[in-house]
Amino acid sequence: MAINIFAAPGAYDSNLKKIEEGVRQSDCLVVGGGHRAVGLSRCDGGSRVTVVCIRSEVAYAKQAAFARGVKVVENDELSLFLFQDYAVGERVCITPDEIENPSFAARGQCDVVVVGDDKFAAGLRYDPKKMAAPAVIYKSFDVCLAKRLAQERKVFVVEDNSLAKSLMADCALNSEIPCGLWKEAATVYAKIPKIIAKYKKSRAAHKARKL
């Protein structure tokens with residue numbers, strides 16, 4: 001909520017007190033875009049947090065956070081998602097790692113990015129020599145940005161709304177996906193050109209050895 005410079009006397013002070021109160025209840029303040037500050041509080045010590053403060057007065061919110069020892073995280077993508085789609089008191093499934101999620105490049109090269117028709121995108125990586133199942137190494141609430149980054153890095157993109165939502169909600173960052181998603185993930189991997197080419201090459205070599 002923007003400050004109204006024509007507000008009645010005392011309204012400005014009241015507005016700042018609301019910011020301070022919201023920040024005081026927060027464990028973390030996510031800021032971005034120059035006008036978005038969202039306070040988050042862990043509600044169960046796990047993967048869910050509660051939105052306790054949504055402000056547009058970023059500078060003052062950051063000042064209040066620093067004064068009270070509340071952690072401030074610069075994450076433009078996440079701040080936009082929370083600012084637009086959540087209200088104070090609502091719970092969000094986000095882990096601490098995801099709040100500070102670095103850029104796509106910093107997460108290493110994904111094999112595939114699974115995107116949904118909403119605001120969900122998740123990058124998977126699989127090394128059969130070291131892993132039992134693919135791992136989620138990237139999450140994004142901005143499908144357009146995820147697609148653009150994938151295109152720049154020549155990473156294959158698969159549209160699967162159901163899987164994208166499951167990967168966002170049920171899978172922790174940098175962890176292997178649960179067995180309940182193996183079949184869906186296998187279907188996605190079967191669509192990746194380089195995986196298909198490697199499979200065909202392997203089959204051809206196997207047939208040649210038989211001859």
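Place the peptides 153-165, 136-148 in order of packing, highest mean first, counting for every residue the other Cβ atoms within 10 Å and averaging per peptide.
Details: 153-165: 16.8, 136-148: 20.2.
Result, highest mean Cβ count within 10 Å first: 136-148, 153-165.
Would you mind checking which residues have amide H under 5 Å from LYS139's amide H? H placed 1.01 Å from N; only 5 or more apart, or other chain. When sequence neighbours closer than 5 places are left aside, the close amide H contacts are GLY123.
Note on ASP170/GLN109: beta-carbon distance plugged into 1/(1 + (r/R0)^6) with R0 of 22 Å gives a FRET efficiency of 0.40. Size descriptors for the stretch 36-87, from the alpha-carbon set: Rg then Dmax equal 11.0, 29 Å. The modelled label-to-label distance for the pair GLN63/LYS191, using points 7 Å beyond Cα in the direction of Cβ, is 5.0 nm. Between HIS35 and GLU152, the contour length at 0.36 nm per residue exceeds the Cα-Cα span by 39.3 nm.
Using C-alpha pairs below 8 Å separated by at least 6 residues, the relative contact order for the stretch 27-91 is 42 percent. When the C-alpha to C-alpha distance is required to be over 24 Å, the pairs from LYS129/LYS183; LYS18/LYS119; LYS71/LYS119 that qualify are LYS18/LYS119; LYS71/LYS119.
Only the coordinates and a few stated rules stand behind these numbers; no lab work does. These numbers come from a predicted model, not from an experiment. Because the Cβ atoms are built from the backbone with ideal geometry, glycine has one as well, and the counts that use them run over all protein chains shown.
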